[in-house]
Each structure stands twice: as C-alpha cells, then as structure tokens.
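These notes concern the structure reproduced below.
The values are calculated or read from the model by the stated rules, or taken from the named source; none is laboratory data. Predicted model, so just to flag it, every value in this text is computed and none were measured. Backbone-built Cβ (ideal geometry, glycine too); neighbour counts: all protein chains shown. Areas reflect the complete protein model, heavy atoms only, side chains present, ligands, DNA and RNA absent. Shrake-Rupley method; radii C 1.70, N 1.55, O 1.52, S 1.80 Å.
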Amino acid sequence: ILTELMVTLDPDNMSVADKVSRFINIEKPVSVFVDAGGGQGVIDRLFRLNHSDVVIEVHFNEKSPETSCVNMRAAMYYRCKKFLDRGVIPDDPELLKELVNQELVDDLNNRIKLAPKKLIRQRIMRSPDRSDAVALTFADEGVDQLPDPEQVKTEAMAAYMRNEGIRYKEPGQDYDPLSYMDSLVAGDTEYHFFN
C-alpha cells in the first residue's frame, strides 16, 4: 500500500540527500530506490552517509529483468500496473495525471515499451516526476508477493479511518458502533427506547 507521496522542490542534491537520510534514519525502510539519471549526486551522498545497505541505484534505461519489457522503466510501470489491480496509491491529482499519460508504443519484438518521457513532458507541460517516483518503488521484483486483495482493502480502509478519526473495528476487537448511546441515556427514562 502506497499511502503517502512526499514531494520536494529543492534543486540542491545535497539537501535532498539529507532529507532522504533523515527519512531512512526515522522510518527504517528495507530499500530506497533512487533514479540514477538525475539522482547520482543524491546516491553518492547517501552512500557517504552510510546508507549503502538500503539505497539502490536504478537506471531507467537498463535491461529489463522482465523479458516482456524493453527496459527497466517499462518493467517498473508494468509492475505498478499489476499492483494497481489490488493495491492502493495516494489520491494525488498530479500523480494520476502523470500515470494516465503514460502510453505504449510499438516494439518490433512485441514487448512492453513506453512512449519517451519527452512526449509526456510536452503533453503535461512538466516532467512526470511523481509517477516515476511511484514506479521506482517497483524496481524490486517483489510485486508478486503482494498480500491478498481483501487484506489490502482492509488495511487501506483502516488507515483511512484512523487518519480521519472515524471509529472502526480493529482486528480481534469487539466493536459496537452505537455503544456511545448507552452513555448518553444512562439513567434517563425520557430516552428509554434507546436501551
């Protein structure tokens, strides 16, 4: 479940690397995928900050581990597509705009090939950085080890309700959504019909 998309407009790679480093130190992720194209300075800095055990350098144009895809970029977006069948991403209008503007182009070997990024930039008037960031989370081949769809829906709904302050039943917890009414009418005969 991708619940949050963090965006920074900081043009300084060292500053971005420091933000990512703080995130790594606090959240303790298993892996952090960084685009080697524009993020080489970020990668170098993160390695110097002793994060080489979690930081993975990803080249969008490298050979795809998926035989059905032309390159790593196509493989990551294809895995993202498979994830969306049963996964959740942030409800971010800019992200959705970038995702729907990804399109396939012909490949002589009938593999999955995405239109060049420059066409997407022309169409949406900016770089599709958010969708590339989401696609990067699928650089690892673990997309096939997703939990079952019902578990994903349950966890997503619980996270949403928790964030919105809505009461709900936690797994293994008895829950009566009307239980608060007992405390409102306790000892009050005028509202005895609630009891």
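Numbers below:
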{"item": "Residue among 7, 34, 58 that alone is touching a residue at least 40 places away in the same chain (Cβ under 8 Å), open to solvent by 70 Å² or more (accessible area, probe 1.4 Å) and either touching a Gly at 6+ places or on another chain (Cβ under 9 Å) or under 15 Å from residue 133 (Cα atoms) (or both)", "result": "7"}
{"item": "Tally of residues being within 30 Å of residue 155 (Cβ to Cβ) and without any contact (Cβ under 8 Å) to a residue 40 or more places away in the chain across the range 88-124", "result": "10"}
{"item": "Matching residues in the range 63-96 - criterion: being small (Gly, Ala, Ser), under 18 Å from the mean Cα position of the chain (by Cα) and farther than 15 Å from residue 133 by Cα", "result": "87"}
{"item": "Residue 19 being without any contact (Cβ under 8 Å) to a residue 12 or more places away in the chain, surrounded by 12 or more Cβ atoms within 10 Å (Cβ to Cβ) and among the charged types (D, E, K, R)", "result": "yes"}
{"item": "Single unsatisfied condition, residue 13 versus (1) touching an Asp or Glu at 6+ places or on another chain (Cβ under 8 Å); (2) closer than 14 Å to residue 55 by Cβ", "result": "(1)"}
{"item": "Residue tally, condition part of a helix (DSSP H, G or I) and either modelled with pLDDT of 90 or more or of a type in the set (A, V, I, L, M) (or both), over the range 82-116", "result": "9"}
{"item": "Residue count for the range 47-72, restricted to those that are part of a loop (DSSP other than H, G, I, E, B) and within 28 Å of residue 19 (Cβ to Cβ)", "result": "10"}
{"item": "Test: residue in the range 1-18 that is within 20 Å of residue 140 (Cβ to Cβ) and in a helix (DSSP H, G or I)", "result": "no"}
